[in-house]
Amino acid sequence: MSPQALRYRRRTLAPLAIVTAAALVFTVLLVLVRLRWRPLESVDHDAAARLNRLIAGHGTLVTVVRDITLLGSTIALSAVIGAAVILLALRRRWALAAYLTVTGAGALVLDPVLKVLVGRLRPVVAHPIAHAPGDSFPSGHALGSIVCYGALFLVFLPAVRGRWRTWFGVGMAAIVALIGISRILLGVHFISDVLGGWAIGIAWLGVTSFAFELTRRAAGHPVSDPVADGLEPEAGNDLRPAQPEPEPVPAHRGRTAAGIVVAWVLTLGIIVGIGELVTKAGNGNELGDTTIPHWLAAHRNPGLTRWSLVFTTLGGTVAIVTAVALICLVFVGVTRRWRPAVYVLTLIIGELAMFLTAAAVVKRPRPTVSHLDSHLPTSSYPSGHVAATCCVYIGLAILVIGHARGWWRWLFVIPAAALPLLVAASRMYRGEHHPTDVVASMFFAALWIPAVSLLLKPNGARSAGPRPDRATGSEQGGQSRLPVPSPGSHGHAIRTDSAVKGERPARL
């Protein structure tokens, strides 16, 4: 047998041996747990009691462990996998997107089914510090984390080069290990639960990876070691979130950062000054601060109350964070540049810092009417909902109008103009803000958004970057590759930041 054939056999047998061993470990643990084998039960219960005594009463440690365990929750894993699938779809790596979807969905199915079949009760400890619903074996956090983060490792490994590959693997392994350990420390799983979750997770990850390799082999693509080279080694350039940009002159970068800080400080000074004048030198009814909230409270009805909840939710923390994440993901995926994401993040972080600082300085009480929202942590002035809505949707309109081609881009002006007004009306209707609170927030946006846009130039042109060749994975000169347009999409083009004079813009 030739040396090449020996290497191929070794490369194919090693993953098979690992998957087989993981499946065997899970099967043994499953049988022992189901039969309640006394030695295993003794080890599990003793370890749970000792670890509970070790961590109970240490508030900071408990907080850290709870934060770590959130990385393995269904919401966190779904968000990470969903973001990766969107990025892969934008880069037209459909096979990898399907692989992530199927692999992650399999983990969601395996966890509840196995728990119901085994029916093991969760640990009972002297000082409970966390609670979890359902049965105990196997650990869903351990299973989901090793499947999802392992799949991400196999998919995005080709995008990592050199020694960073080692750190990438170590980082993923550390996250999975810490999540499993956190479940034991919190007293919601036994050691065997976590080991069982890891074992069945490795087995499922191996099965889906093997199926992916078979599909590639049937399509005539070369198959390599997924642990060493990733599932699609030729996709390295497409899998990198963004192409490297020319290094800015340090002095220019410093001026931009200093300009943003100066603009934020001056804008904050104006907003705080207006708040101080209104609360300390005003007559209490500027812009109808007293009459309008009382009139709105007197004219509430179930229909308007439901709509006010919809629009106030759109300006809330969860909706804003979700919108920011999607905007950054889509624009980085399409343009292959970090600048649009930096622009949006600068807008929203500056808004948050302004809102918290101004609210702490002015300390304005909320209107003296019944409030439809309870336990709000900040004061009335200014409105964080309105300011955040302005920054997100006006910033989105600026990006789309600057990057896109076609009449449809102007449709983004509609939410940029309408949503801040609707959110402002809902906040006043619900009795949470005075008119001057929302006007000040809009005034902040009118100052902050143009300043950041002028300084960061989110739609500014750059020199052309390398373009990956889908067939070979090599880089070619020219603009970044974007999805090929569908028939009939004439005039709907998106301009990448790498487009230069004389080049034809990529189309959608």
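Report, in debye and to the nearest 20, how large the dipole of the chain comes out about its Cα centre when Lys and Arg carry +1 and Asp and Glu carry -1 on their Cβ.
Here the size comes out at about 960 debye.
Give the value in nm², to one decimal: projected area of the alpha carbon convex hull of the chain, averaged over all directions.
Across all orientations, the chain yields a mean hull projection of 31.4 nm².
Between exposed trypsin sites (Lys or Arg not before Pro) in the chain, where DSSP calls loop and at most 11 other Cβ atoms lie within 10 Å, what's the longest gap?
164-500
Can you find, among MET354, ALA79, PRO365, the residue farthest towards the positive end of the dipole of the chain? Put +1 on the C-beta of Lys and Arg, -1 on that of Asp and Glu.
Ranked along the dipole, the leading option is ALA79.
Between ALA404 and residues 5 or more places away or on another chain, which pairs have amide H atoms under 5 Å apart, with H built 1.01 Å from N, and which residues are they?
Here the answer is ARG495, since their amide H atoms fall under 5 Å of that of ALA404.
How do SER370, SER73, SER182 line up, fewest other C-beta atoms within 10 Å first? List each step's numbers first, then the result.
On the way: SER370 9, SER73 15, SER182 24.
With the fewest neighbours first, SER370, SER73, SER182 line up as SER370, SER73, SER182.
Return one quarter of the surface area of the convex hull spanned by the alpha-carbon atoms of region 255-456, equal to its mean projected area, in nm².
One quarter of the hull surface, i.e. the mean projection, equals 11.7 nm².
Using the Cα centre of the chain as origin and beta-carbon charges of +1 (Lys, Arg) and -1 (Asp, Glu), tell me which of ILE292, PHE26, PRO420 is placed farthest towards the positive end of the dipole.
Positive-end residue among those listed: PHE26.
Show that you can apply the helix-only estimate: for the chain, add -39,500 (n - 2.57) for every DSSP H stretch of four or more residues, divide by all residues, and state [θ] at 222 nm to the nearest 500.
The helix-only estimate for the chain comes to -22000 deg cm²/dmol at 222 nm.
Classify region 3-239: rounded, prolate or oblate, from the alpha-carbon gyration tensor (a ≥ b ≥ c, eigenvalue square roots; a/c under 1.5 rounded; otherwise prolate if a/b is larger than b/c)?
Prolate shape, in that a/c is at least 1.5 and a/b is the bigger ratio.
Can you give the charge dipole size of region 255-456 about its Cα centre, rounded to the nearest 20 debye, using +1 on the beta carbon of Lys and Arg and -1 on the beta carbon of Asp and Glu?
The dipole of region 255-456 has a size of about 540 debye.
With a 10 Å Cβ neighbour count serving as the proxy for reagent exposure, in which order, fewest first, do PHE331, PHE156 appear? Mind dumping the intermediate values first?
On the way: PHE331 26, PHE156 23.
Going from sparsest to densest Cβ surroundings: PHE156, PHE331.
Assigning unit charges at the beta carbon (Lys, Arg +1; Asp, Glu -1) and nothing else, what dipole magnitude in debye, to the nearest 20, does region 253-338 show about its Cα centre?
520
Mind ranking 135-146, 287-298, 186-197, 202-213 by how tightly packed they are, going by the mean number of other C-beta atoms within 10 angstrom, highest first?
Per-residue mean Cβ counts within 10 Å order the peptides as 135-146, 186-197, 202-213, 287-298.
Taking the Cα centre of region 219-332 as the origin and placing charges on Cβ (Lys, Arg +1; Asp, Glu -1), which of GLY275, THR322, PRO226 is farthest toward the positive end of the dipole?
Farthest along the dipole direction, towards plus: GLY275.
Which whole-Hz ³J(HN,Hα) couplings does region 121-128 yield from phi under the Karplus relation 6.51 cos²θ - 1.76 cosθ + 1.60, θ = phi - 60°, glycine and proline marked x?
6, 6, x, 10, 10, 6, 10, x
FYI, it's all coordinate maths here, none of it is from the lab. All of these numbers come straight from a predicted model, not from anything done at the bench. Glycine also receives a Cβ, built like all others from the backbone with ideal geometry; neighbour counts cover every protein chain displayed.
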